[in-house]
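Below is one structure, written out as structure tokens, with a few remarks after it.
The values are calculated or read from the model by the stated rules, or taken from the named source; none is laboratory data. Source: prediction; values computed, not measured. Methodologically, a virtual Cβ is constructed for each residue, glycine included, from the backbone with ideal geometry; neighbour enumeration extends over all protein chains shown. Quick note on the areas: whole protein, heavy atoms, side chains included, nothing else; ligands and nucleic acids left out. Shrake-Rupley method; radii C 1.70, N 1.55, O 1.52, S 1.80 Å.
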Amino acid sequence: MRITIKDIKKIIKKYDLDTKNRSQIKCYQRYFLYKYLRNNGFTLEEIGKLFNRNHDTVIHGINTFCNLLYSKNKDFVIIVNNFHNELDKKKYNITDFDIEKVHEEIIEKKEKNLMYFTIIEKEKEIQGLVEHNTKILQALNYKSNEVYHYKKEVGKLKKSLKDCNDKKNN
């Protein structure tokens, strides 16, 4: 059975999670509920309204939750696990939220992002090499043209020198 809006509102009121309190415990509890509600199909706007926050704050909270869970921040893990267990004992039907599974999903997403950014970095590196090689080719082309013109001038000078020698000999 999915948790109801009524139960969520009770939890929010009981733990003062809709106030401006920014203590670490309250923030972590809020982040946990943001992530839980988001995983259960609530929109960012719906979650924000429940907590008297805007959707950007909810996004930030969910991202922070993921980052703290990914890094296995000890304080965070203790606070969230205690809060999760406390809600379970109060029969709020929150048992369908498996923190370990969420942690694995976060690791998988982070690894995909890391691979994506590694690919982007390699593409930038390759693009830099292509640009560098293009400049080298342009410089070689320029030098090649210079050599061609010098050879042409040398050819003219040789011909001119030969013509002068021919005139002298005649």
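In this rough spin-label picture, where each label sits 7 Å from Cα along the Cβ direction, the GLN24-LYS124 distance is 3.4 nm. The 1.4 Å probe gives accessible areas that order ARG30, ARG38, ARG22, largest first, as ARG22, ARG38, ARG30.
Per DSSP H run of n ≥ 4, the term is -39500 (n - 2.57); total these for the chain, divide by its residue number, and report the mean residue ellipticity at 222 nm rounded to 500 deg cm²/dmol.
Numbers: 6 runs with 138 residues, N = 170.
Only helices count here, giving -28500 deg cm²/dmol.
Heavy-atom accessible surface of segment 102-170, averaged per residue, reaches 96 Å², computed with a 1.4 Å probe. Segment 132-170 and segment 1-73 have Cα centres lying 77 Å from one another. Solvent exposure of ILE136, expressed as accessible area, is near 80 Å², computed with a probe of 1.4 Å over the protein chains only. Taking Cα centre as origin and charging only the Cβ of basic (Lys, Arg, +1) and acidic (Asp, Glu, -1) residues, the dipole magnitude of segment 28-142 rounds to 300 debye. Solvent-accessible area of VAL80, all protein chains in place: 10 Å² (probe radius 1.4 Å, heavy atoms, ligands and nucleic acids excluded).
The mean sequence distance of close C-alpha pairs (under 8 Å, at least 6 residues apart), as a share of the length of the chain, puts its relative contact order at 18 percent. Show me the chymotrypsin sites (Phe, Trp or Tyr not before Pro) within segment 1-35 that DSSP assigns to loop and that have at most 13 other Cβ atoms within 10 Å of their Cβ. When the chymotrypsin sites (Phe, Trp or Tyr not before Pro) of segment 1-35 are filtered for loop state and at most 13 Cβ neighbours within 10 Å, nothing remains.
Comparing GLU153, GLU123, GLU104 in a Gaussian network model of the chain where C-alpha atoms under 10 Å apart are linked, the largest mean-square fluctuation is found at GLU153. Computed over protein heavy atoms with a 1.4 Å probe, the carbon and sulfur contribution to the accessible area of segment 1-122 reaches 52%.
Using a ≥ b ≥ c from the Cα gyration tensor of segment 1-112 (square roots of the eigenvalues), is it rounded, prolate or oblate, where a/c under 1.5 gives rounded and otherwise the larger of a/b and b/c decides, a/b for prolate? The shape class here is rounded. Excluding ligands and nucleic acids, what accessible area in Å² is computed for ASP16 using a 1.4 Å probe, to the nearest 10? Ignoring ligands and nucleic acids, ASP16 comes out at about 80 Å².
Across segment 22-29, computed HN-Hα scalar couplings (Karplus, 6.51 cos²θ - 1.76 cosθ + 1.60, θ = phi - 60°) run 10, 5, 4, 4, 5, 4, 5, 5 Hz from first to last residue, x flagging Gly and Pro.
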